[in-house]
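Worksheet: the structure to be examined is printed underneath.
Throughout, read-outs are computed from the coordinates displayed, never taken from laboratory work. All values derive from a computational prediction rather than experimental measurement. Reconstructed Cβ throughout: ideal geometry from the backbone, glycine too, with neighbour counts over all protein chains shown.
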Amino acid sequence: MTHSVIFDLDGTLIDSAPDIHASANTVFTALGQPPLTRAEVQGFVGRGAPNLVARLCESRGLPHEGPEFDRVLARFLEVYEGAQALTVLYPGTRAALEALQAAGCKLGLCTNKPLAPTLAVLRHFGLENLFAAVIGGDSLAVKKPDPAPLLETLTRMGGGPAIFVGDSEVDAETAQNAGLPFLLFTEGYRKTPVEALPHDAAFAHHDALPGLVAAFSAPAVP
């Protein structure tokens, strides 16, 4: 059975935390704040840029809503859209995506990263033509773990049996909410032990992914 395989992005296909960290520091040091640590920033990654910036503002005693916050968020998005220099693909990512596509799988992307920097980083790595559908964190009115972005990605891919691949608590919850099987990449940004997250299979290197998908029998989504 050929599946659609839908991926999260940050912490699943790319390690973007260094660029997110650098972008946040560009913005917050300009506000007179002391430098943020990578751990501080990475701890808030996963629920979209507005949540990330709001939590960072809150942690530094800055407004996390209202006009002043809106200006900080807009500046972060401006900086982050062009930030790819420190981001890397996880080992085996490109080969796995190409192998899945060669095996007849449709590929999709469902991320809470805003759409503009999502498309920018896909272009940066030459991956933009591999995905039949791309949904960003601002593509719909809601974000993951609401199932709507994941189900909309699948709809744009033509429906049918599908698997979701991600790295985090948010991704595991999204898959559950959407009723899709979940493959957990264990080397991303999750904070919960692997055994505590609901998943159908786990993998530590993308070399394993084509075999997992080939062996998997996913239920069709109506």
At q = 0.20, 0.25, 0.29 Å⁻¹, the log10 of I(q)/I(0) for region 17-81 from a Debye sum over equal Cα scatterers comes to -0.68, -1.14, -1.64
Taking SER16, SER59 and counting other beta carbon atoms within 10 angstrom, the fewest-first order is SER59, SER16
Net charge (Lys, Arg +1; Asp, Glu -1) of residues whose beta-carbon lies under 13 Å from that of LEU150, LEU150 excluded, is -2
With Cα coordinates, the longest principal axis of the chain makes an angle with the long axis of helix 67-81, in degrees rounded to 10, of 50
Each label sits 7 Å from Cα toward the beta-carbon; between ALA74 and ALA208 the label points are separated, in nm, by 4.6
Ranked from fewest to most other Cβ atoms within 10 Å of their own Cβ, VAL5, VAL213 fall in the order VAL213, VAL5
The longest stretch of the chain containing none of the trypsin sites (Lys or Arg not before Pro) that sit in a DSSP loop with at most 15 other Cβ atoms within 10 Å is 61-190
What the 5 Å binned alpha carbon P(r) of the chain shows, as percent of pairs per bin from 0, is 1, 7, 16, 20, 20, 16, 10, 6, 3, 1, 0, 0
Assertion target for PHE44, PHE185, ordered by fewest C-beta neighbours within 10 angstrom first, is PHE44, PHE185
Loop-resident GluC sites (Glu not before Pro) in region 48-150 with no more than 15 other Cβ atoms inside 10 Å, DSSP not H/G/I/E/B, are GLU65
